[in-house]
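Below is one structure, written out as structure tokens; the observations come after it.
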Amino acid sequence: MIVFDEIEADALKEVFNIGVGYAADSLSRMVNEEVRLSVPRLRLVERLDTLDALDLPSHSNYCAVTQRFEGDFNAEAVLMFPGEKSLELVRMMVGETVHVSEMNELEQEALTEVGNILLNSCVAVIADMLGHRFRCSLPRYKAGQWRELLPEPGQEEQCVLVLDIDFAIERRDIQGFLIFFMKVESLDEFRRAILSYLERF
Amino acid sequence: MQTPTALVDACHGVPSADLLQVVLDALQEGILLLDARGAIVCWNDWMARMSGVDCAQAQGRTLPEVFPTMACSRVIEAVDWALRRGLPSFLSASLNKVPFPLKHEGAPIEQNLYVTPLDVPGRERQCLIRIVDVTSVVEKEHILRRRAQKMKELAMIDPLTGVANRRRFEAALIEETRRHRRRGLPLSLLMLDVDHFKAYNDTYGHLAGDECLAALAAAIATVVRRAGDLLGRLGGEEFAVLLPETDRAGACAVAEDILTAVRELALPHSASSSSDRVTLSIGVACVERIQSSAACELMAVADTALYEAKNGGRNRYVCYQVDSECRAARCCAESGAAPQAA
């Protein structure tokens, strides 16, 4: 079942691009270096188990930052970058050049903060679209195979929004994913809420 | 400390404000509460001690009013997200150097901050900030980092002479060769061998032999000082010098300077048939621009040149130039006595 057609998906993608733009500004100010964030692609699947169809690259190791939402709508947002790329990203943000191959505690925390900034900007977009009130948890860091980083599949109708994320800093481009797992009352209602929001643009 | 009355209130199931304040003041981390416009409602004892500003002084003022350096900071941005959008933020010590001007025993405190919105029924949204002292974690990581870096360096250094070891030298040679191919700037390599070293050890002992090598390395190092040039010990009495972006003239000049420096060291060598002192033989290999894709063994060419220097009487250098097709041709030599033009 197609929830959004191509034009709607494009418009939705642009809304997120604006959102992550604010995150990029924030990150740029923090490191005094140009950080560019973009959402080159947006995909929507109905259920968690259809994620396999998306053919996410199966790197052995991913680093992730997650935040949970509760309230008028429940959701979990997971930002993931491949392991070695996460290390690159964090090292460029922190400005360290030591080549030790594991992420230490401080670097994990730096990645958590970067993830938090990005996630907050995207959550703000969704909150604006759905017009709901919710509480959000503090960001958490996790690492492992990408399947281990996703929440358990639930019974209710779900809506899984997959954003490709492009993180550019210092002539390096790092690709990751931002996945929103949302429990919606009905996909139709979700679609209508988003379409009416998009009309305002 | 609070009176027992406060605790008695708690026993009736409802903790009093006094009791909660006691709890907050007992925490070994900072707790601040900001109202809807970002003004400080209260903060705890830890915060007062580390900032030098007590709660009464801070109350009713915004953070930039109390700490002017915090205006337009990441913290204020996070408070904004919490108050306006209800979203929490985490500020890490590695990306935010001392966000609140806090000190413990004179030293700045490294901090992790947790900024969360508080939705209190019947009130406008407020903002809670929790500050955790992570100074010791940051220090520990720096120590571990430095240690890891040191160990890495040790693995790359020859313990006797302190110059690069074979592994490091070969890695550098590979990288410079690659760079040479890409950028087309000349590259030169010197192979150095101590003359009659076995005889030196036999005459003066191995300990003296070691000292001799260390002294030679130090003398050569005074010549090989340009950033990017690398002196390495390949093993035994064999050294090598990598000279990126250096042409034939430059490389031969370095070889000459090294021979001079070693001669001036004047280490006596009674068992040497070439001189009364310790001398070196040097093979020089230079390449202008490698065009062919064949792997060009600069080291093999330098080795050939070194062999010729040995056979030609030692205490001298011989130079080979490699053309674009990786063909080597001898171009010049210098004898121990007086330099000759090619």
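Quick grid of which residues meet (1) under 26 Å from the mean Cα position of the chain (by Cα); (2) over 30 Å from B:GLY312 (Cα atoms):
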{"position": "B:LYS150", "(1), (2)": "yes, yes"}
{"position": "B:VAL163", "(1), (2)": "yes, no"}
{"position": "B:PHE169", "(1), (2)": "yes, no"}
{"position": "B:HIS180", "(1), (2)": "yes, yes"}
{"position": "B:GLY209", "(1), (2)": "no, no"}
{"position": "B:ALA221", "(1), (2)": "yes, no"}
{"position": "B:ARG233", "(1), (2)": "yes, no"}
{"position": "B:GLU237", "(1), (2)": "no, no"}
{"position": "B:PRO244", "(1), (2)": "yes, no"}
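Restricting the first member to segment B:112-140 and to residues that are within 12 Å of chain A (Cβ to nearest Cβ) and over 24 Å from A:ILE117 (Cβ atoms), and the second to residues that are at pLDDT below 90 and open to solvent by 50 Å² or more (accessible area, probe 1.4 Å), no beta-carbon pair is closer than 8 Å while six or more apart or on different chains.
Among residues of segment A:88-107 being in a helix (DSSP H, G or I) and either more than 9 Å from chain B (Cβ to nearest Cβ) or in contact with a Gly (Cβ under 6 Å, 6 or more places away or on another chain) (or both), the one that is modelled with the highest pLDDT is A:LEU89. Within segment A:96-146, which residues are among the hydroxyl-bearing types (Ser, Thr, Tyr) and open to solvent by 20 Å² or more (accessible area, probe 1.4 Å)? Residues satisfying the conditions are A:THR97, A:SER101, A:SER137, A:TYR141. Counting the residues of segment B:152-176 that are more than 15 Å from B:ALA240 (Cα to Cα) and of a type outside the set (A, V, I, L, M, F, W, C) gives 4. Of all the numbered requirements in (1) within 11 Å of chain B (Cβ to nearest Cβ); (2) without any contact (Cβ under 8 Å) to a residue 40 or more places away in the chain, A:VAL114 misses one, and that requirement is (2). When the criteria are applied in full, B:ALA48 fails the requirement of being open to solvent by less than 30 Å² (accessible area, probe 1.4 Å), within 14 Å of chain A (Cβ to nearest Cβ) and at pLDDT 95 or above.
The values are calculated or read from the model by the stated rules, or taken from the named source; none is laboratory data. Just so you know, these numbers come straight off a predicted model, no measurement behind them. FYI the Cβ positions are ideal-geometry reconstructions off the backbone, even for glycines, and counts take in every protein chain you see. Just so you know, the surface numbers come from the protein's heavy atoms only, side chains and all, with ligands and any DNA or RNA stripped out. Shrake-Rupley method; radii C 1.70, N 1.55, O 1.52, S 1.80 Å.
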